[in-house]
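Scroll down for the structure; my scribbles are underneath it.
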Amino acid sequence: MYSVPAWSPVGKQYAEWYWNHMQDPANAVYDYHRRTYGENFAYDDFIPLFRAEKFDPRAWVELFRDAGAQYHVLTSKHHEGFALWDTKASDRNAVKMGPKRDLVKELFEASRRYTPELHRGLYFSMPEWFNPDQPWMGHAPRNPYTLDPVPYTGYSAGKDFVKDYQAPQMLELIHGYDPELIWCDIGGANDSVHVLAEYFNHAKNRPRPIDVTVNNRSGISFHDFTTPEYTTYDNTVIAKWESSRGLDPFSYGYNQATPDGSYMTTEEVVHSLVDIVSKNGNFLLDIGPRADGTIPEIMQTRLRETGQWLRTNGEAVYDTTYWSKTAELGEDLRFTVRPNRAFYIHSLAQPGSRLTIEAPVPIRSGDTVTMLGHGRPLSWTVRNGALVIDVPAAARKAGQHVWVFKVKWSS
């Protein structure tokens with residue numbers, strides 16, 4: 001639903017938090033909503049305007065594939081409590097209202113059919129801001145200008161929020177859609193011990209078991225990976241982690257106020273990817289679709305350009321691990337390792353005629369150095385403990401965004 005108003009001050013706050021921002025008279029959204037829609041236009045009045053009429057799930061998953069992604073994570077339900085699947089726990093969902101479509105089912109079916117190599121995941125908000133049975137923000141829905149109560153459309157109050165609603169919804173997703181990744185958010189009240197036990201058993205107890213994973217926000221201590229948001233770790237973290245952010249300067253949801261020039265450049269995306277992977281992380285890059293189900297053109301361009309870089313340099317990213325000596329050297333050098341096969345040096349700046357790596361790079365006589373995208377062997381030497389690579393003009397010209405040098409071990 002937040003893709004309908006799709007507004008917040010650019011780079012200041014998340015546009016998908018529109019409903020919560022509306023509650024604060026000091027927040028810019030409070031006045032924006034009153035000016036644009038009027039004081040009596042409730043947030044739930046956006047439901048009929050959320051139609052997703054141009055949603056093309058095949059085009060989405062093929063874009064993800066072309067971007068070089070290995071998995072995708074759809075928001076099944078955000079803090080506003082509007083589910084994008086045919087949940088039986090509440091009529092507050094996209095099948096009963098708004099699009100009148102099971103958007104989760106359509107995306108997963110398209111992914112399995114057209115991009116089976118991709119892994120499928122779902123984001124799920126554990127609490128809801130204004131659910132009358134357990135409002136995260138301390139009160140049920142109300143008009144922020146008059147404080148009069150307003151309906152929580154499609155929801156029948158009187159439930160045990162966790163046992164009758166939250167847990168059943170998570171189990172619906174597990175059994176009905178079979179996600180390989182569950183990306184919980186916020187934590188709080190939960191029955192995650194039992195729900196996640198069922199998740200893992202459901203993945204294991206089948207003729208062909210599958211691997212599944214869950215993040216660190218389900219409200220219990222168990223997790224497979226941590227999730228820094230709009231930030232990264234400064235150095236290598238041995239335990240697996242995933243950094244998430246939007247292409248938008250500071251929003252996951254679509255913000256109509258954001259000009260194209262404010263989105264991440266392709267170079268910034270690639271630099272972030274390389275930095276994160278070199279420190280043992282994954283990069284979950286968010287795009288914010290419009291309310292009609294289309295992905296803004298600037299976001300499509302950034303994804304495809306990133307995919308183009310990965311088609312040349314992906315071997316230095318996929319199935320690699322961190323270098324135990326150091327994650328980085330100065331501002332511009334990062335390292336990854338393909339165990340028993342190769343060592344990769346990532347230069348975030350275009351190198352000059354010589355690239356000097358003042359670190360104990362694992363290279364021996366007989367090993368070959370190339371630059372991905374150039375192909376021809378490069379001359380190299382070790383001088384005073386530093387690896388020095390000669391980089392001809394043709395190699396420098398062949399690269400973009402990040403120049404990747406491969407040390408192929410001879411044995």
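The values are calculated or read from the model by the stated rules, or taken from the named source; none is laboratory data. Values in this document were obtained by computation on a predicted structure and should not be read as measured data. Cβ: placed from backbone, ideal geometry, glycine included. Neighbour counts: every protein chain shown.
For the reader, a short list of remarks on this structure follows.
- Selected residue (criterion: surrounded by the fewest Cβ atoms within 10 Å (Cβ to Cβ)) from residues of region 343-359 that are touching a strand residue (DSSP E or B) at 6+ places or on another chain (Cβ under 9 Å) and in a loop (DSSP other than H, G, I, E, B): Ser353
- Residue check, Glu80 farther than 14 Å from Tyr2 by Cα and either part of a helix (DSSP H, G or I) or of a type in the set (Asp, Glu) (or both): no
- Unmet criterion (only one of (1) within 30 Å of Asp248 (Cβ to Cβ); (2) not assigned by TED's automatic domain parsing to the domain that holds Glu117; (3) not charged (D, E, K, R)) for Pro362: (1)
- Count - residues of region 281-326 that are within 30 Å of Ala359 (Cα to Cα), part of a strand (DSSP E or B) and touching a Gly at 6+ places or on another chain (Cβ under 7 Å): 0
- The number of residues in region 65-95 being among the aromatic types (Phe, Trp, Tyr) and surrounded by fewer than 20 Cβ atoms within 10 Å (Cβ to Cβ) comes to 1.
- Some residue of region 110-118 being in contact (Cβ under 8 Å) with a residue 24 or more places away in the chain, in contact with a strand residue (DSSP E or B) (Cβ under 9 Å, 6 or more places away or on another chain), of a type in the set (Gly, Ala, Ser) and closer than 22 Å to Val214 by Cα: yes
- Test result for Tyr32, crowded, with 20+ Cβ neighbours inside 10 Å and either in the same structural domain as Lys100 (by TED's automatic domain parsing) or within 27 Å of the chain's Cα centre (by Cα) (or both): no
- Only residues that are assigned to a loop (DSSP other than H, G, I, E, B) and either among the β-branched types (Val, Ile, Thr) or within 23 Å of the chain's Cα centre (by Cα) (or both) were counted in region 1-29, giving 14.
- Of the strands (runs of 3 or more DSSP E) lying entirely inside region 372-411, those carrying at least 2 residues that are out of contact with any helix residue (DSSP H, G or I) (no Cβ under 7 Å at 6 or more places or on another chain) and without any contact (Cβ under 8 Å) to a residue 40 or more places away in the chain are 380-383, 386-390.
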